[in-house]
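Student: Following this message is one structure expressed as structure tokens.
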Amino acid sequence: MVEGPSEKAGFWHRQFGPTVTQLQIIFDIVFGLFVPILCFVLDPIVFRGLFFGPFLPDYQAFAFLFSGLQITLLGLWILSGPGWQPWNRLMSGTVLCGGCFYLIVGLAIAPLDGNGMFGFTPFLTALVFLRNSRRAFRAGNDGAESLADAVIPASGILLGAGLTLPLSVAIHSTASRAANEIVEGDSQHAIFAARRLMPLRFFAGSELNQIANAYRVTSDEKRKELLKFCFREITGDSIEKTADILRHDRATRQVAPVARGSRIRTDLALR
């Protein structure tokens, strides 16, 4: 496609205009498919926390399921391209839902990311999803506007959230019950609960932290050994590492308000 006129257009017009360039396709694949997966695998601060306690562990199941669905649909759209008109409309609504999700995630974690390296990534992913949502809606739109032009994209938005929200709630409920049995139940029930929780370990960050916190605060050596065994049964990792991260994070959050109060008192004294 000839790109002469679009070269003089503004940045946002080029991003959302009808012309699709090879660089845009590469950008969409990298920041729409591979980078979100990499961010969820590493996830240093938000849902899992590799070095500090996570900030939003209770939303891990929904975020992982929703992102998995959105990445799959975006990849399908990039590979297949425009097709049957209702399909284009449905993809437009679903991918729009993904774009809004990543935009909200970016706004939520921006204050938590000091250097901005991870905090800026969701905005690039949101750009990819919003751009492809617009392209899907505009694809083959040569006829007159109709009610379906609004209803089908709205159905896509409901589909994007409706498929993952009930499933994430069910996973969170099941994982929470299993974690409570591990923390409070006898050894037989705790081991059975650990085996039930093992398939859900990638969605149960807050429940695993609950087990690690119980290990950290209990003084019963038999209970500590049981929790240690169950945690390794679920994750294959050592519970001490997670307990140390949570202990350090708790101490940091307790010290921070004290340090701020000391600085305020010092400033007032100097005045």
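Student: Mind listing whichever residues of the stretch 74-92 are of a type outside the set (S, T, N, Q), assigned to a helix (DSSP H, G or I) and touching a residue at least 40 places away in the same chain (Cβ under 8 Å)?
Tutor: Correct list: Leu74, Gly75, Trp77, Ile78, Pro86, Arg89, Leu90, Met91.
Student: Among the residues of the stretch 38-59, is any buried (at least 19 other Cβ atoms within 10 Å of the Cβ), within 30 Å of Asp244 (Cβ to Cβ) and either modelled with pLDDT of 85 or more or of a type in the set (Phe, Trp, Tyr) (or both)?
Tutor: Yes, the stretch 38-59 contains at least one residue that is buried (at least 19 other Cβ atoms within 10 Å of the Cβ), within 30 Å of Asp244 (Cβ to Cβ) and either modelled with pLDDT of 85 or more or of a type in the set (Phe, Trp, Tyr) (or both).
Student: Something else: Give Ala259, Ala204 a once-over and let me know the one that is over 20 Å from Gln60 (Cβ atoms) and modelled with pLDDT under 90. First the steps, then the outcome.
Tutor: On the way: Ala204 fails: over 20 Å from Gln60 (Cβ atoms).
After applying the criteria, what remains is Ala259.
Student: Let me ask something additional. Name the residue that is nearest to the chain's Cα centre (by Cα), counting only residues in the stretch 175-199 that are crowded, with 18+ Cβ neighbours inside 10 Å and not small (Gly, Ala, Ser). It would help to see each step written out before you state the result.
Tutor: Applying the first criterion (crowded, with 18+ Cβ neighbours inside 10 Å) to the stretch 175-199 yields 175, 178-179, 181-183, 190, 193-194, 197.
Next cut, not small (Gly, Ala, Ser) only: 181-183, 197.
Values: Glu181: 27, Ile182: 26, Val183: 27, Leu197: 20 Å.
My answer is Leu197.
Student: Give me the residue from the stretch 161-174 that is touching a Leu at 6+ places or on another chain (Cβ under 7 Å) and surrounded by 15 or more Cβ atoms within 10 Å (Cβ to Cβ) and, out of that set, nearest to Leu96 (Cα to Cα). If you could, list the steps in order and put the result at the bottom.
Tutor: Of the stretch 161-174, the ones touching a Leu at 6+ places or on another chain (Cβ under 7 Å) are 163-164, 167-168, 171, 174.
Pick out the ones that are also surrounded by 15 or more Cβ atoms within 10 Å (Cβ to Cβ) and you get 164, 167-168, 171, 174.
Numbers: Thr164: 16, Leu167: 21, Ser168: 20, Ile171: 25, Thr174: 30 Å.
Applying the filter and picking the extreme gives Thr164.
The values are calculated or read from the model by the stated rules, or taken from the named source; none is laboratory data. Since the structure is predicted, the reported quantities are computational estimates derived from the model, not experimental observations. Quick reminder, even Gly has a Cβ in these numbers, built from the backbone with ideal geometry, and neighbours come from all protein chains shown.
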